[in-house]
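Undergrad: Starting off with a structure, shown below.
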Amino acid sequence: MFVFFHVGEDIAQPTAMVQSIRQHNPNATIVQVTDDQTPAVPSVSRVFVSHGNRQFLMQWRTNAFAELGLSEPAMYMDTDMIVRHPIDPAALLEDVVAMTRRDFNREAMFNPRQRGQDYFEYAGLKLDKVYPYVGCCTITADWGVWADLAEMYNVLPDKFRVWYGDQEVLREYAKRVAVQPLPEAHYACLPEYLPRHPDPAIVHYKGARKALMPSAAALA
C-alpha cells in the first residue's frame with residue numbers, strides 16, 4: 001500500500017513516481033489523496049478527495065492522511081521520489097511508525113529565514129538537532145498516527161503551517177513513541193549522493209533536483 005498527496009493541474013511528477021512504483025510493485029495498491037480539481041494520476045488504484053487550504057499544503061496533507069483512515073500499513077510518499085526496488089511497507093514496519101531519519105547534511109547550520117518566515121528559535125543550531133526526521137517517506141501502521149500528528153499540528157504557530165510543520169510534529173511525536181528509523185540514504189537518497197550510495201530503494205529529487213527527476217516516458 002502506497003499513498004501520496006498531490007493537488008494541481010500538473011501531474012507529470014506524480015505520474016513518474018507512480019510509474020516507478022508500478023515497475024517494481026505491480027500489484028501495489030496506490031492511493032492518490034487530492035482535491036476535486038486535480039486530475040487522477042494514471043495507474044493509481046483509487047483517488048481520495050479532501051478539502052483544505054493550498055497555502056498550508058503540509059498541514060492539509062497531514063489532515064488528509066488522517067481523513068483517509070487506512071487501517072493497514074502503508075508508505076506515505078512525496079511525489080518527487082522514484083522507486084528503484086520492490087518495497088513491502090507492511091513487511092518493513094516493525095512498530096506503529098517508521099520515519100525517514102536524516103542522513104545528509106546533519107552538521108549543516110539551520111537557516112532560520114525560510115519562505116518569508118522567521119524561525120528564530122532555531123538560529124545557531126545544526127539541522128540534525130532541529131529536524132532529525134524528514135517528512136518525505138513515512139510508514140504507519142494505520143490512520144491513528146496521522147490523527148495524532150494532525151492534532152499536534154493544530155497547536156503550532158501559524159508560521160509552521162507555511163513551512164516545516166510536518167517536521168516539527170514528526171520530531172515531537174518521536175519523543176512520545178518508539179520510532180523505527182528509515183535511513184535517508186536508502187529510502188530518500190539525494191541524487192548527488194548516489195556515487196556513495198549506489199543502490200537505494202528510493203531516490204528523492206527534492207528542491208532544485210526536480211529538474212533531474214526522470215519522466216514517466218523515460219521510465220517506460
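The values are calculated or read from the model by the stated rules, or taken from the named source; none is laboratory data. Keep in mind the model is a prediction, meaning the values are calculated, not measured. Because the Cβ atoms are built from the backbone with ideal geometry, glycine has one as well, and the counts that use them run over all protein chains shown.
Undergrad: Name every residue in segment 175-208 that is outside any helix (DSSP H, G or I) and within 23 Å of PRO14 (Cβ to Cβ), in order of residue number.
TA: Initial filter on segment 175-208 (outside any helix (DSSP H, G or I)): 175-183, 188-190, 194-206.
Matches in segment 175-208: LEU182, ALA188, CYS189, LEU190, LEU194, PRO200, ALA201, ILE202, VAL203, HIS204, TYR205, LYS206.
Undergrad: Take the residues of segment 1-23 that are β-branched (Val, Ile, Thr) and under 18 Å from PRO214 (Cα atoms): which is surrounded by the most Cβ atoms within 10 Å (Cβ to Cβ)? Show your work before the answer.
TA: The first filter runs over segment 1-23 and keeps only residues β-branched (Val, Ile, Thr), leaving 3, 7, 11, 15, 18, 21.
Now restrict to residues that are under 18 Å from PRO214 (Cα atoms): 11, 15, 18, 21.
Values: ILE11: 20, THR15: 21, VAL18: 27, ILE21: 23.
Going through the qualifying residues, I end up with VAL18.
Undergrad: If we scan segment 110-132, do we find a residue that is touching a residue at least 24 places away in the same chain (Cβ under 8 Å), on the phi > 0 side of the Ramachandran plot and of a type in the set (Phe, Trp, Tyr)?
TA: no
Undergrad: On to the next question. Count, please, the residues in segment 104-145 that happen to be in a loop (DSSP other than H, G, I, E, B) and within 30 Å of GLU67 (Cβ to Cβ). Write out each step before concluding.
TA: First, the residues of segment 104-145 that are in a loop (DSSP other than H, G, I, E, B): 104-108, 110-112, 115-116, 119, 123-125, 131-132, 141-143.
Narrowing the set further to residues that are within 30 Å of GLU67 (Cβ to Cβ) leaves 115-116, 119, 131-132, 141-143.
Here the count works out to 8.
Undergrad: Identify all residues within segment 18-43 that are without any contact (Cβ under 8 Å) to a residue 24 or more places away in the chain and part of a strand (DSSP E or B); write none if there are none.
TA: None; the set is empty.
Undergrad: Checking the structure you have, find out if any residue of segment 91-99 is part of a helix (DSSP H, G or I), touching a Pro at 6+ places or on another chain (Cβ under 9 Å) and either modelled with pLDDT of 95 or more or closer than 20 Å to ALA28 by Cβ (or both).
TA: The initial filter retains those residues of segment 91-99 that are part of a helix (DSSP H, G or I), namely 91-92.
Of the ones still in play, those that are also touching a Pro at 6+ places or on another chain (Cβ under 9 Å) are 91-92.
Still in the list and also either modelled with pLDDT of 95 or more or closer than 20 Å to ALA28 by Cβ (or both): 91-92.
Yes, segment 91-99 has at least one match.
Undergrad: So, one more: Where residues in segment 44-70 are part of a helix (DSSP H, G or I) and among the polar types (S, T, N, Q), which of them is farthest from ASN154 (Cα to Cα)? Give the steps one after another, and end with the answer.
TA: Quick first cut of segment 44-70, residues part of a helix (DSSP H, G or I) only: 54-68.
Keeping just the survivors that are among the polar types (S, T, N, Q) gives 55, 59, 62-63.
Working: GLN55: 15, GLN59: 8, THR62: 10, ASN63: 10 Å.
Looking at residues that are part of a helix (DSSP H, G or I) and among the polar types (S, T, N, Q), I get GLN55.
Undergrad: Another question about this same structure. Take segment 62-87 and flag every residue that is in contact with a strand residue (DSSP E or B) (Cβ under 9 Å, 6 or more places away or on another chain) and farther than 17 Å from TRP146 by Cβ.
TA: Hits for segment 62-87 are THR79, ASP80, MET81, ILE82, VAL83, ARG84, HIS85, ILE87.
Undergrad: So, one more: Look through segment 37-78, keep the residues that are surrounded by 15 or more Cβ atoms within 10 Å (Cβ to Cβ) and among the charged types (D, E, K, R), and return whichever of them is farthest from ASP166 (Cα to Cα).
TA: That would be GLU67.
Undergrad: Looking at this structure, is ASP103 under 13 Å from the mean Cα position of the chain (by Cα), among the acidic types (Asp, Glu) and crowded, with 19+ Cβ neighbours inside 10 Å?
TA: Values: under 13 Å from the mean Cα position of the chain (by Cα): no; among the acidic types (Asp, Glu): yes; crowded, with 19+ Cβ neighbours inside 10 Å: yes.
So ASP103 fails the test.
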